[in-house]
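Working notes for the structure below.
The values are calculated or read from the model by the stated rules, or taken from the named source; none is laboratory data. Everything numeric here is computed off the predicted structure, so don't read it as measured data. Virtual Cβ from ideal backbone geometry, glycine too; neighbours counted across all protein chains shown. Heavy atoms of the whole protein, side chains included, go into the accessibility calculation; ligands, DNA and RNA do not. Shrake-Rupley method; radii C 1.70, N 1.55, O 1.52, S 1.80 Å.
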Amino acid sequence: MESHAEKLYTPVALATADGVRVIATPGAKAAEQSNADVIIQSLEARGIQHIFLVPGKLVYPLIKSIEHSAITGIVGAHETACGFMADGYARANRKFGVCLGISGPGTMNFLPAMAAAQADKIPVLYLAGGIATYHEAQGAFQDGSNSGIDELTIVKPLLSAAIEVKNNLTLQHELRRSLSCLNTQRKGRAYLSVPVDMQKKGVAGNYEASPQRTPQCREAAIDQLALEQVVDDYLLRGLNVACLVGNRMNNPLDAALLLRLAEKYRLPVATTLSGKGAFPEGHELALGLYGFAGHTRAVETINGDEVDVLLVLGCDLSQRDSLNWNPRLHGTKTLVVIDEDFDKVSSHYQPDMQIFSSLTGTLHHLLDAVSDEDAHLAGIKSLRNGWLEQVRSLPLEQQRPDLQARLALGEANMYPGDAIKRIRSRMNQDTNVVVDSGAHRIFMAHHWLASGRGDYHTSSSLAPMGWAICAGIGIKLAAPHRDCVVVTGDGCMLMHGMEIQTAARYQVKMTFVVMNNCAHGAMHIDTLQNRGVSADYTALPNHNWKAFANSLGVSSAKAATLEELDEALAAAAEHEGPFLIEVLVGNHVAPNRYYAESIVEYEQRIKGL
Ligand SMILES: Cc1ncc(C[n+]2csc(CCOP(=O)(O)OP(=O)(O)O)c2C)c(N)n1
Ligand SMILES: [Mg+2]
């Protein structure tokens, strides 16, 4: 830790309209600033408080600069995990995430995290330290440059900017270039690799001698004309309008605005799994989940004939979002798609109206378009009320598909849905929940009722196992005021369970719930029904995850019954650091009936094409 005197004389960086400029504090000599200092201070100026890293000699200067900044370096066990932590960090606030490692092997370990963040469009900066420029092209150890493994070529498809800085004069420009794609609208990812000798060099270029005010960056362009048309033609007409909301609305700010919008115009709201968290599922206007792991109310309403207009907000309409590109999303109803990002929207549909507009700005505009007291609006709302009563009569959850059959076969362990409901009932409403890949993802999606505060996080496009264990740490550090629970499986623990030691090392207060079914359950359930591969490939050894956690300094408990689960949750709540609860659950068919049916329907649709 640096001394107070050092802090006083440390130059600070300010973000300006055109990027980052270094502002020297009185008494500090510009020449004392290294390139590493400039990079770290520019991140500090953008509000970054944590950088997830694995150390190495090639990043010593950057680590030293972190030590001299207000940023905390979090040392993870594995660079992939650090990348996932940065991904979680970005999801839990409107900043980007940052991770750091050595180029070569470190960068190669970043790849899975880059791919997952790219698929979900999460803004992350991957910082790397390369071999010294004077070592290149001579068979240097760990050479990631183009005289070695040429890592830029490898990472490029996964990034918006892949930059190796070798010119002292252009470092600040390259830094601005990499940071400019990381905002909440562009949602890009950047890789910035700086050779270790470049990190140490004194910074070149102009300094501002006097502090300036930090200009605001405005990122809320809306299509006002198109939104006025939406209000006049749909929202203020006697039409049944339903919303389908995706991942780009799954944040506290947009979720709060969406709730007001739904209430103002009486619009029922469904979310996709990646958007779960954007709307409170216990609310009278909630349809629940549409698509993968969907709820009955959402699927039957949106696929039904009563909806005249489907307003799709911030949603990819991907295979899982759309129930295998369901034709009932269009055709019998008007499809209006509003998004701030059309890079990923499914090309399957041709919407009746496709509007490019900031989502937050759109919500504000639609809310302000008409007064709450407007008489015409009141009439439209009461018209919609009759339909909404019918909608509410539909159940949210599906019946447990196979509980009786499993019990008859001697299944002694808990039904995952029961454990999940118990956990939900014991957690604060605004708890950030982070969910991994596997059967437990479907049980969670279906039985955990989201409270609609941008608080449900999952990697939904690529869905690498073990992501949640790491991302949860980033999420808790980014949003320390909220409780955080990670729900994962035993298979996922085998991939990245080691990272719970990082939570222990920094005493991050959070709960890891491991749904232990001694299987890759998502596949093992097929095995049990004689329609998958043999159990040799889907069953897992029964590991003692409680003991594993203890060995890494994480307090833990094991729960075989709901009563034991209650006790474990109480212990976790009281504990100061991370706590792991191993929950023994059975291998049951997950509640995903509509998705399974939609696969069959899709295959029939394309037969003979
Ligand atoms: C990196 C990676 N490899 C393979 C898969 C395919 N996959 C999805 S879920 C799953 C099993 C997960 O097992 P577990 O964590 O125990 O969860 P469960 O299904 O038992 O709830 C597998 C192998 C994947 N999603 N990611
Ligand atoms: Mg499992």
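Restricting region 344-371 to residues that are at pLDDT below 95 and surrounded by fewer than 14 Cβ atoms within 10 Å (Cβ to Cβ), which is farthest from Ser318 (Cα to Cα)?
Once the filter is applied, the top-ranked residue is Gln350.
Just to check your reading of the model, which residue among Leu313, Leu317 is modelled with pLDDT of 95 or more and crowded, with 20+ Cβ neighbours inside 10 Å?
On the way: Leu317 fails: modelled with pLDDT of 95 or more.
It is Leu313.
If you go through region 508-533, how many residues are polar (S, T, N, Q) and within 15 Å of ligand 1 (Cβ to nearest atom)?
Within region 508-533, the first condition is being polar (S, T, N, Q), and the residues that meet it are 511, 516-517, 527, 529-530.
After this cut, where a residue has to be within 15 Å of ligand 1 (Cβ to nearest atom) as well, the list is 516-517, 527, 529.
The qualifying residues number 4.
Six or more apart or on different chains, Cβ under 6 Å: which pairs go from a residue in region 484-500 that's closer than 24 Å to Gly277 by Cβ to one that's open to solvent by 10 Å² or more (accessible area, probe 1.4 Å) and away from ligand 2 (no atom under 16 Å from the Cβ)? Could you list them?
Cys484/Lys476; Val485/Thr511; Glu499/Ala77; Ile500/Leu552
Of (1) farther than 17 Å from Cys181 by Cβ; (2) crowded, with 18+ Cβ neighbours inside 10 Å, Thr133 satisfies all except one. Which?
So the condition that Thr133 fails would be (2).
Out of all the residues in region 389-401, is one or more free of Cβ contacts under 8 Å to residues at least 60 places away in the same chain and open to solvent by less than 30 Å² (accessible area, probe 1.4 Å)?
No; the residues of region 389-401 include none that is free of Cβ contacts under 8 Å to residues at least 60 places away in the same chain and open to solvent by less than 30 Å² (accessible area, probe 1.4 Å).
State whether one or more residues within region 36-54 are open to solvent by 10 Å² or more (accessible area, probe 1.4 Å), of a type in the set (Lys, Arg), at negative phi and without any contact (Cβ under 8 Å) to a residue 60 or more places away in the chain.
no
Quickly run through region 73-91 and pick out the residues that are over 17 Å from Gln118 (Cα atoms) and either assigned to a helix (DSSP H, G or I) or without any contact (Cβ under 8 Å) to a residue 40 or more places away in the chain (or both). Can you show your working first?
In the first step, residues of region 73-91 are kept if they are over 17 Å from Gln118 (Cα atoms); the result is 73-78.
Selection gives Gly73 alone.
Working only within region 547-558, note down all residues that are buried (at least 20 other Cβ atoms within 10 Å of the Cβ) and polar (S, T, N, Q).
Within region 547-558, just Ser556 meets the criteria.
Could you check region 443-477 and list, in sequence order, the residues that are surrounded by fewer than 24 Cβ atoms within 10 Å (Cβ to Cβ), within 16 Å of ligand 2 (Cβ to nearest atom) and in contact (Cβ under 8 Å) with a residue 60 or more places away in the chain?
If the condition is that a residue be surrounded by fewer than 24 Cβ atoms within 10 Å (Cβ to Cβ), within 16 Å of ligand 2 (Cβ to nearest atom) and in contact (Cβ under 8 Å) with a residue 60 or more places away in the chain, then Ala463, Pro464 are the ones that fit.
Out of the residues in region 569-591 meeting the condition of being of a type in the set (Gly, Ala, Ser) and over 20 Å from His447 (Cα atoms), tell me which one is surrounded by the fewest Cβ atoms within 10 Å (Cβ to Cβ). Walk me through it before giving the result.
Let us first name the residues in region 569-591 that are of a type in the set (Gly, Ala, Ser), namely 570-573, 577, 586, 590.
If we keep only those that are over 20 Å from His447 (Cα atoms) too, we end up with 570-573, 577.
Numbers: Ala570: 12, Ala571: 15, Ala572: 25, Ala573: 14, Gly577: 15.
Step by step, filter region 569-591, then rank; the result is Ala570.
Just give me the residues in region 534-546 being away from ligand 1 (no atom under 11 Å from the Cβ) and open to solvent by 50 Å² or more (accessible area, probe 1.4 Å), in sequence order.
Ser534, Asp536, Pro541, Asn542, Asn544, Lys546
Could you tell me which numbered condition Val433 fails, if it satisfies all but one of (1) assigned to a loop (DSSP other than H, G, I, E, B); (2) within 18 Å of Asn93 (Cα to Cα)?
Checking Val433 against (1) assigned to a loop (DSSP other than H, G, I, E, B); (2) within 18 Å of Asn93 (Cα to Cα), the one that fails is (1).
Six or more apart or on different chains, Cβ under 7 Å: which pairs go from a residue in region 549-572 that's closer than 18 Å to Lys509 by Cα to one that's open to solvent by 50 Å² or more (accessible area, probe 1.4 Å) and part of a loop (DSSP other than H, G, I, E, B)? Could you list them?
Ser555/His575
Taking region 409-430 only, how many residues are out of contact with any helix residue (DSSP H, G or I) (no Cβ under 6 Å at 6 or more places or on another chain), under 17 Å from Cys484 (Cβ atoms) and either within 16 Å of ligand 1 (Cβ to nearest atom) or part of a strand (DSSP E or B) (or both)?
1
Return the pair list, or none, for Cβ contacts closer than 8 Å from residues in region 100-117 that are open to solvent by less than 10 Å² (accessible area, probe 1.4 Å) to residues that are within 16 Å of ligand 2 (Cβ to nearest atom), at least 6 apart or on different chains.
Matching pairs, first to second residue: Ala116/Ala463; Ala116/Pro464; Ala116/Trp467.
Among what's in region 497-527 and is within 13 Å of ligand 2 (Cβ to nearest atom) and among the hydrophobic types (A, V, I, L, M, F, W, C), pick the residue that is farthest from Cys470 (Cα to Cα). Before you say what the answer is, go through the steps one by one.
Of all residues in region 497-527, those within 13 Å of ligand 2 (Cβ to nearest atom) come to 497, 513-525, 527.
Now drop any that are not among the hydrophobic types (A, V, I, L, M, F, W, C), which leaves 513-515, 518-519, 522-523, 525.
Numbers: Val513: 13, Val514: 14, Met515: 16, Cys518: 21, Ala519: 21, Ala522: 21, Met523: 23, Ile525: 26 Å.
Filtering first and then ranking leaves Ile525.
Taking the criterion of being in a loop (DSSP other than H, G, I, E, B) and more than 22 Å from Glu397 (Cβ to Cβ), would at least one residue in region 585-606 satisfy it?
If we filter region 585-606 for residues that are in a loop (DSSP other than H, G, I, E, B), which is where we start, we get 586-592.
So of that shortlist, the ones also more than 22 Å from Glu397 (Cβ to Cβ) come out as none.
Looking through region 585-606, none of the residues is in a loop (DSSP other than H, G, I, E, B) and more than 22 Å from Glu397 (Cβ to Cβ).
So, of the residues in region 216-271 that are among the basic types (Lys, Arg) and under 16 Å from Lys381 (Cα atoms), which turns out to be surrounded by the most Cβ atoms within 10 Å (Cβ to Cβ)? Walk me through how you get there before you give the answer.
We begin by selecting, within region 216-271, every residue among the basic types (Lys, Arg); these are 218, 237, 248, 260, 264, 266.
Keeping just the survivors that are under 16 Å from Lys381 (Cα atoms) gives 237, 260, 264, 266.
Details: Arg237: 15, Arg260: 14, Lys264: 16, Arg266: 20.
Filtering region 216-271 for residues that are among the basic types (Lys, Arg) and under 16 Å from Lys381 (Cα atoms), the one surrounded by the most Cβ atoms within 10 Å (Cβ to Cβ) comes out as Arg266.
If I ask for residues that are more than 16 Å from ligand 1 (Cβ to nearest atom) and in contact with a strand residue (DSSP E or B) (Cβ under 6 Å, 6 or more places away or on another chain), which ones from region 438-456 would you list? Break it down stepwise before answering.
Quick first cut of region 438-456, residues more than 16 Å from ligand 1 (Cβ to nearest atom) only: 449-456.
Listed by number, the residues that qualify are Ala450, Ser451, Gly452, Asp455, Tyr456.
Please give the number of the condition Asp566 fails out of (1) open to solvent by 20 Å² or more (accessible area, probe 1.4 Å); (2) within 15 Å of ligand 1 (Cβ to nearest atom).
Failed condition: (2).
I'd like to check something: does region 484-501 contain any residue that is open to solvent by 10 Å² or more (accessible area, probe 1.4 Å) and more than 13 Å from ligand 1 (Cβ to nearest atom)? So that I can check it myself, show each step before the final result.
Going residue by residue through region 484-501, those that are open to solvent by 10 Å² or more (accessible area, probe 1.4 Å) are 494-496, 498, 501.
If we keep only those that are more than 13 Å from ligand 1 (Cβ to nearest atom) as well, we get 498, 501.
Checked against the condition, which is being open to solvent by 10 Å² or more (accessible area, probe 1.4 Å) and more than 13 Å from ligand 1 (Cβ to nearest atom), region 484-501 yields at least one hit.
So, in region 359-380, exactly how many residues are in contact with a helix residue (DSSP H, G or I) (Cβ under 7 Å, 6 or more places away or on another chain) and not in a helix (DSSP H, G or I)?
Of the residues in region 359-380, 3 are in contact with a helix residue (DSSP H, G or I) (Cβ under 7 Å, 6 or more places away or on another chain) and not in a helix (DSSP H, G or I).
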